[in-house]
Amino acid sequence: MWCDLDVGRAVEDTNRRMLRARDTMDRHYAEPLDVAALARVAHVSEAHFIRTFRATFGETPHRYLQRRRVERAMFLLRSCDRSVTDICLEVGFTSLGTFSRTFRDIVGESPSAYRSRGPLAAVPTCFAMSWMRPSSFG
Amino acid sequence: MFNALTISQIFVLDQDQALDFYVGKLGLEVHTDADLGFMRWLTVNVPGQPDREILLERPGAPRMDEATAAQVRELLTKGAMAGTLFFTTDDCQKTYETLLAKGVEFTDEPTKRDYGIDCGLRDPFGNAIRFSQPLS
């Protein structure tokens, strides 16, 4: 029994550290983020971080970050009239080509086609960030 | 029908640690801390607002079998079953800086939104907390 409890505590501690790294991505999605820095936040090695993050949240840190950036772009496209290039840079992409390709891969349409769906209803941003995140590639 | 919302509940892994955080760092006050025998009934509230309590409940036996409690703790720590509490503040930036200096972990820095200035943090267990300075 004590053994099960120990395992449980270890999982909780690991989860909390992975969540801390994921929160860092949510907070700094627009900045260049590398796995080394995120692994340091979680106090684990890089290889261990990628593996454990995926086991905890079902996707790699890279994919999580891409979806976060695309979600922020989706939000901005439909809530302000700034240019697609501005929005691309603001959410952390450095090239419009990569942004457009990634956006289309994830959302299934181009940024401007997505924008043409019109403005979003006003909801608290934290829920928009949780629920508007596209659920899969392709 | 209903008159008021009085008590909301969230799960915490450790009630003493929860007190350190919710009272010691966030500045809430203890409403009730009672040993009921079968559980420790621990609620906190925003100072001056004792009619809205937050119950800080520990998942565990006998309410849940140990395996279920372990699942709840796992989900809580990965942020997946974490409750969300929304508070208001007169000065979002100042509150943010005060809490940051106390070592609170933030998920969002103060940001201007349509409805006010808003930011987000986590409690030590994975629960999400937000506070906003509403548009005046």
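Please treat every number below as a calculation from the coordinates, not as lab data. All of these numbers come straight from a predicted model, not from anything done at the bench. Reconstructed Cβ throughout: ideal geometry from the backbone, glycine too, with neighbour counts over all protein chains shown.
Remarks
- Tally of residues being surrounded by fewer than 17 Cβ atoms within 10 Å (Cβ to Cβ) and touching a residue at least 40 places away in the same chain (Cβ under 8 Å) across segment A:16-58: 3
- Segment A:31-71, residues that are of a type in the set (A, V, I, L, M, F, W, C) and within 10 Å of the chain's Cα centre (by Cα): A:LEU65, A:VAL70
- Qualifying residue in segment A:22-30 (condition: over 21 Å from B:PHE106 (Cβ atoms) and in a helix (DSSP H, G or I)): no
- Taking segment B:89-136 as the range and being of a type in the set (Lys, Arg) and touching a strand residue (DSSP E or B) at 6+ places or on another chain (Cβ under 7 Å) as the test, the residues that pass are B:ARG122, B:ARG130.
- Any hit, segment B:107-118, residues being in contact (Cβ under 8 Å) with a residue 40 or more places away in the chain and either touching a Leu at 6+ places or on another chain (Cβ under 7 Å) or not hydroxyl-bearing (Ser, Thr, Tyr) (or both): no
- Candidates A:VAL41, A:VAL70, filtered to the one that is in contact with a Ser or Thr (Cβ under 7 Å, 6 or more places away or on another chain) and over 18 Å from A:SER130 (Cβ atoms): A:VAL41
- Scanning segment B:86-115 for residues that are crowded, with 17+ Cβ neighbours inside 10 Å and more than 7 Å from every other protein chain (Cβ to nearest Cβ) yields B:THR89, B:CYS92, B:THR95, B:TYR96, B:LEU99, B:VAL104, B:PRO110.
- Sole exception among (1) within 11 Å of chain B (Cβ to nearest Cβ); (2) out of contact with any His (no Cβ under 8 Å at 6 or more places or on another chain) for A:ARG17, by number: (2)
- Unique residue being more than 21 Å from B:SER132 (Cα to Cα) and within 19 Å of the chain's Cα centre (by Cα) when the list is B:ALA4, B:ALA80, B:ALA70, B:ALA61: B:ALA80
- Considering only residues in segment B:127-136 that are farther than 16 Å from A:PHE127 by Cα and not in a strand (DSSP E or B), the one that is farthest from the other protein chains (Cβ to nearest Cβ) turns out to be B:SER136.
- Of the helices (runs of 4 or more DSSP H) entirely within segment A:40-138, those holding at least 2 residues that are of a type in the set (Ser, Thr, Tyr) occupy A:46-57, A:96-107, A:111-115, A:125-131.
- Top-ranked residue in segment B:41-65 [being exposed (fewer than 15 other Cβ atoms within 10 Å of the Cβ) and in contact with a helix residue (DSSP H, G or I) (Cβ under 9 Å, 6 or more places away or on another chain); ranked as nearest to B:LEU76 (Cα to Cα)]: B:MET64
- Of all residues in segment B:16-65, those being without any contact (Cβ under 8 Å) to a residue 60 or more places away in the chain, assigned to a loop (DSSP other than H, G, I, E, B) and within 21 Å of B:PHE106 (Cα to Cα) number 3.
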